[in-house]
1. Can you tell me which residues in region 102-128 are closer than 19 Å to L62 by Cα and over 15 Å from the mean Cα position of the chain (by Cα)?
2. Of all residues in region 113-157, how many are surrounded by 13 or more Cβ atoms within 10 Å (Cβ to Cβ) and at positive phi?
3. Is it the case that some residue within region 29-43 is exposed (fewer than 15 other Cβ atoms within 10 Å of the Cβ), not in a strand (DSSP E or B) and not β-branched (V, I, T)?
4. Name the residues in region 7-21 that are in a loop (DSSP other than H, G, I, E, B) and without any contact (Cβ under 8 Å) to a residue 12 or more places away in the chain, would you?
5. What is the residue count in region 91-147 for residues that are assigned to a strand (DSSP E or B), of a type in the set (A, V, I, L, M) and within 12 Å of A27 (Cα to Cα)?
Amino acid sequence: MHSTKTRFLISVHSLKQLPPPDFPEVAFAGRSNVGKSSLMNALLGRRNLVKTSARPGKTQGLNYFLINEALYFVDLPGYGFARVAKKVQAGWQQLITEYLLQRRTLQLVVVILDLRHPLKKMDRELIDWLGYQGLSFLPVYTKADKLSKNKQMKHAAALDAALGISKDDRLICSSKTGQGCEDLRRRLAFGVDSW
Ligand SMILES: Nc1nc2c(ncn2[C@@H]2O[C@H](COP(=O)(O)OP(=O)(O)OP(=O)(O)O)[C@@H](O)[C@H]2O)c(=O)[nH]1
Ligand SMILES: [Mg+2]
């Protein structure tokens, strides 16, 4: 493991609370419970720095982590969880939308999808919207450990086709086994030399 020094900075609930835009940043988006927080922990080599949960709706607010005093990771609340009140979901969505549109230092949105499942409507809407807004994004197909190698390839090809992308434009990962994490770390090394 690399010597990565990470600390939790702030949970942002309104744009006024955003930390000064002093570093490049990478945001992690995806459906509730897809494994965003787990993937961040896997990348950082930390067990539970970013709070994870078997119950969807764990991450609330935009949670900022500072890595090696050089890069921000931003854990976003998940979307599409029916049991979170509509009003609360709408509030998060507005916060996330405004954040994505305003934050000039945002380098990349990692969009996390479950490798086991077909593309969902809200995933497609997010990816289409990011493309339309000209924001850079990287699809990551996670929970790969739950499928055989053969199935991983099949499912990944189906998601690629649904998104209209090639296999160089995404990664297959597992937070449990660490599969793909080294590749992902390399793609996220904005301003960080010692990953
Ligand atoms: N087997 C396996 N389980 C995973 C993986 N990633 C996440 N999980 C499990 O999936 C559940 C949800 O993980 P989280 O990381 O909390 O998901 P999240 O997307 O941050 O969820 P919200 O914060 O609610 O939006 C937890 O029970 C994790 O242990 C993975 O790669 N493999
Ligand atoms: Mg989370």
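1. Answer for region 102-128, where residues must be closer than 19 Å to L62 by Cα and over 15 Å from the mean Cα position of the chain (by Cα): Q102, R103, R104, T105.
2. Result for region 113-157: 1.
3. Scanning region 29-43, I find no residue that is exposed (fewer than 15 other Cβ atoms within 10 Å of the Cβ), not in a strand (DSSP E or B) and not β-branched (V, I, T), so the answer is no.
4. P20, the sole residue that qualifies.
5. Total satisfying the criteria: 7.
Values in this text are rule-based calculations from the coordinates and carry no lab data. Quick caveat, the model's predicted, so the values are computed rather than measured. No Cβ is skipped: glycine too gets one built from the backbone with ideal geometry, and neighbour counts run over all protein chains shown.
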